[in-house]
Amino acid sequence: MRQMLDTMDRLFDDAFMFPTSSRGVSRDNQLQVRAPWDIMENEKEFKMRFDMPGISKEDVKVSVEDGVLVIKGGHKKEEGEKDSWSARSYSNYNTRLALPENCEMDKIKAELKNGVLNITIPKGKVEPKIMDVNVE
């Protein structure tokens, strides 16, 4: 769990912190920021939230590769005529997070709604792996 949080912190360091509106000012006039991701844990599951504005569910792929959660997505949008200035919008996401051993990886669920990707990772029981090694 700690490794997953540390990885997310490194991935979304200060470059992705966005100031909020005037409502984001605390009582002592300190500017508050909201990271474009969040993670919560309870006794049953891990929950993750990723802000992905402008991305449709068809443009997002979530998979698990060798115990690593992979989130990919992006879009390219161009508007305007050839002879005029065009409006261009590009977004690209590519995130990899090492999952803890106590996850039920085959039961992970993801939902993209209103530009927010929510991922639910159920916890499972971790059986201690004990192997006898033959001494020769």
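None of the figures in this text is laboratory data; all of them are computed from the coordinates on show. Given the structure is predicted, the values throughout are model-derived calculations rather than measurements. Cβ: placed from backbone, ideal geometry, glycine included. Neighbour counts: every protein chain shown.
Loop-resident trypsin sites (Lys or Arg not before Pro) (DSSP state other than H, G, I, E or B) in the stretch 103-136 with no more than 16 further Cβ atoms inside 10 Å of their Cβ: Lys125, Lys129.
What is the sum of charges, Lys and Arg at +1 and Asp and Glu at -1, for the other residues whose Cβ falls under 12 Å from the Cβ of Asn102? Show your work: numbers first, answer last.
Details: positive: Lys44, Lys123, Lys125; negative: Glu41, Glu43, Glu45, Glu101, Glu104, Glu127.
Summing Lys and Arg as +1 and Asp and Glu as -1 gives -3.
Could you compute the net charge surrounding Asp59? Neighbours are other residues with a C-beta less than 11 Å from the C-beta of Asp59; K and R count +1, D and E count -1. Show your work: numbers first, answer last.
Details: positive: Lys57, Lys61, Lys72, Lys76, Lys77; negative: Glu58.
Summing Lys/Arg as +1 and Asp/Glu as -1 gives +4.
Given a Förster radius of 25 Å and the C-beta distance between Met40 and Asp66 as r, what FRET efficiency does 1/(1 + (r/R0)^6) yield to the nearest 0.05? Please report the intermediate quantities before stating the final value.
Working: r = 25 Å, r/R0 = 0.99.
The formula returns an efficiency of 0.50 here.
Electrostatic tally near Leu117: other residues with Cβ closer than 12 Å to its Cβ, Lys and Arg +1, Asp and Glu -1, net +3. Here's how it looks for Gly124: its modeled amide H is under 5 Å from those of Cys103, Glu104, which are all 5 or more places away or on a different chain.
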